[in-house]
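First comes the structure, then the notes that go with it.
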Amino acid sequence: MKYDVVVIGAGLAGMTAALKSLIEGRRVVVIAAGENTLYYASGSLDLYGGKENPWAAVKRLESERPDHPYALIGTALIEESFRFLMGELETVCPYQENSGENVWVPTSLGGFRPSYLLPNGQFPAVSLKKKKVLVVGFSSYRDFNSRLVASGMVSRGCEARAIDLDLHYDKINCNSIDLAYYFDDHWPDLIKSLQETAKDVDCLAFPAVLGLNNFLDIHQNLQDALGRPVIEIPTLPPSVPGIRLSRAMLARIQQQGAEVIKGFPVISTRVSDDICLGVYIDTPGHPRYVEGDSFILATGGILGGGIVVSEKSVDEKVFGVPVEVPVNENQEYPYARCGLKANKRLQPLDKDRKVLYRNVFCAGRILGGYDPDLEHDGAGAAIATGYKAALEAGRGDS
Ligand SMILES: Cc1cc2nc3c(=O)[nH]c(=O)nc-3n(C[C@H](O)[C@H](O)[C@H](O)COP(=O)(O)OP(=O)(O)OC[C@H]3O[C@@H](n4cnc5c(N)ncnc54)[C@H](O)[C@@H]3O)c2cc1C
């Protein structure tokens, strides 16, 4: 069977691309070697930067950094891509409305980080000011220090204090996923343990582990029973809010009728001049060949597996597109900024800026020209380029 769109990679970029292609009525296959970097991320979606208005900063990139993925796409389409994804997630993994500014979110290390769109349950620090917050930790969960988080909140003007609960749970040193599954079934225990203490506070802050399968109901039920807002604070990886988002998107993609091939990487391609005809997947026994009209390359950066760094070279392995590794003024290589060069249609370019494959479109962290760790634009760039890649894939190689 020949697909209209073959999406390689199931991270935020590939999944946004797949969803948009499906909504446009295309036959879609998603091929993913494995999980994605949402497993590390906070679940909140960054647009750009910190204190400055993010949209003004994004607009400036168009003239100041023309190779930045946002500059390739333009502000109007970035806004459209966010609206599209929020609409898709509305019932399965809802995000809160944003006023157009960044918000500062408490972290599990007692600090605050800027972000743009928060999932239900995560609160901006400003809304906690002068509030009595009870930070609830769990003695078997060492990745969240309730006292550290409370002292960070105090430094931001809250009256926070901390307690740790002993769960009837036999795993010592559990991680966030263990706890999230535990609370899927045992969330009512929290009501029993906290009903009295909750009466003296304005809200309760937990590590973001309150369920994986039933998290929307659990959050609502806890708020109703305790009579107070319940906040989730993103934890160290693995990130439960990131996993919720990833699962919700994948489920929606399957529901819309895409084929999903997960667990096997794309290892090579079949091309004719500047057109890709198909890709080979490393399936057990014999590679599987998948044909398509358009291909979306969304295999991530170094962490996602899309860019492979060895002693001798930095490579993109699926299409062999050259990876640009910038050198800064100190003759250092800021690896976070390395990635593929693309034109405004997101087609990959060679060193002379010539289009390599007309029906291949790149999206997400595989693109160069930006540094999500410093700029806080990882999710935004993945969503916007994934969306744009889907539009371009729909237009084909014309
Ligand atoms: C530690 C950490 C924390 C972060 N926190 C935040 C945050 O709080 N907010 C925010 O906005 N952003 C955050 N980011 C950035 C953001 O999460 C990423 O930039 C974004 O999710 C990247 O998405 P992606 O789809 O491009 O790539 P990835 O998520 O890397 O997905 C790549 C996909 O491609 C697959 N793949 C790779 N090679 C192949 C192959 N050969 N064949 C088939 N499939 C393949 C992988 O298995 C995976 O499914 C964080 C990033 C990290 C690393």
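Restricting attention to the chain, close to 45% of DSSP beta bridges with both partner residues there are antiparallel.
Under 25 °C and 0.890 mPa s, how fast does the chain diffuse according to Stokes-Einstein, given a Kirkwood radius computed over C-alpha pairs? Answer in µm²/s, whole number. Before the final figure, lay out the partial values.
Numbers: Rh = 22.0 Å.
D = 112 µm²/s.
In straight-distance terms, cross-link reach from Lys354 covers every one of the aspartates and glutamates whose alpha-carbon lies under 20 Å from its own, apart from those fewer than eight places away in the same chain; here that gives Asp67, Asp273, Asp274, Asp315, Glu316, Glu324, Glu392, Asp397.
Straight-distance candidates among the lysines for linking to Lys132, with alpha-carbon spacing under 20 Å and chain neighbours fewer than 8 residues away dropped: Lys199. The aspartates and glutamates whose alpha-carbon is closer than 14 Å to the alpha-carbon of Lys192, local same-chain residues fewer than 8 away aside, are Asp166, Asp224. Residue ranking by accessible heavy-atom surface, 1.4 Å probe, largest first, among Tyr169, Tyr333 comes out as Tyr333, Tyr169.
Looking at this model, which pairs from Lys59/Lys317; Lys2/Lys317; Lys171/Lys317 are more than 30 angstrom apart at the alpha-carbon? Can you show the working numbers first?
Details: Lys59/Lys317 33 Å; Lys2/Lys317 23 Å; Lys171/Lys317 40 Å.
Those over the limit are Lys59/Lys317; Lys171/Lys317.
Taking Cβ atoms as reference points and 13 Å as the exclusive limit, the residues near Pro372 contribute a net charge of -2, counting Lys and Arg as +1 and Asp and Glu as -1.
To the nearest 500 deg cm²/dmol, what mean residue ellipticity at 222 nm is calculated for the chain from DSSP H runs of n ≥ 4 alone, each contributing -39,500 (n - 2.57), summed and divided by the residues? Walk me through the numbers before you get to the answer.
Details: 11 runs with 125 residues, N = 398.
Per the formula, -9500 deg cm²/dmol.
If you take the Cα centroid of region 256-289 and the Cα centroid of region 26-77, the two points sit 26 Å apart. Taking all protein chains into account, the per residue accessible area for the chain stands at 43 Å² (1.4 Å probe). Report, to the nearest whole %, how much of the accessible area of region 322-398 belongs to carbon and sulfur atoms, 1.4 Å probe, protein only. That fraction is 49 percent. Shown for region 18-102: the carbon plus sulfur share of the solvent-accessible area, taken with all protein chains present and a 1.4 angstrom probe, equals 49%.
Classify region 47-106: rounded, prolate or oblate, from the alpha-carbon gyration tensor (a ≥ b ≥ c, eigenvalue square roots; a/c under 1.5 rounded; otherwise prolate if a/b is larger than b/c)? Because a/c hits 1.5 or more and a/b fails to exceed b/c, region 47-106 counts as oblate.
For every other residue with a beta carbon closer than 14 angstrom to the beta carbon of Glu316, add +1 if it is Lys or Arg and -1 if Asp or Glu, then tell me the sum. Before the final figure, lay out each step's value.
Numbers: positive: Lys317, Lys341, Lys351, Arg365; negative: Asp315, Glu324, Asp350.
Combined, the nearby Lys, Arg, Asp and Glu give +1.
If you sort Arg365, Arg244 by accessible surface, 1.4 Å probe, largest first, the order is Arg365, Arg244. Can you tell me how region 258-398 classifies by the Cα gyration tensor, rounded, prolate or oblate, using a/c under 1.5 as the rounded cut? Judged from the Cα gyration tensor, region 258-398 comes out prolate (a/c at least 1.5, a/b above b/c).
The values are calculated or read from the model by the stated rules, or taken from the named source; none is laboratory data. Since the model is a prediction, treat every value here as computed from it, not as a measurement. Note that we place each Cβ from the backbone using ideal geometry, even for glycine, and neighbour counts take in every protein chain shown. Side chains included, ligands, DNA and RNA excluded: accessible areas come from the protein's heavy atoms. Shrake-Rupley method; radii C 1.70, N 1.55, O 1.52, S 1.80 Å.
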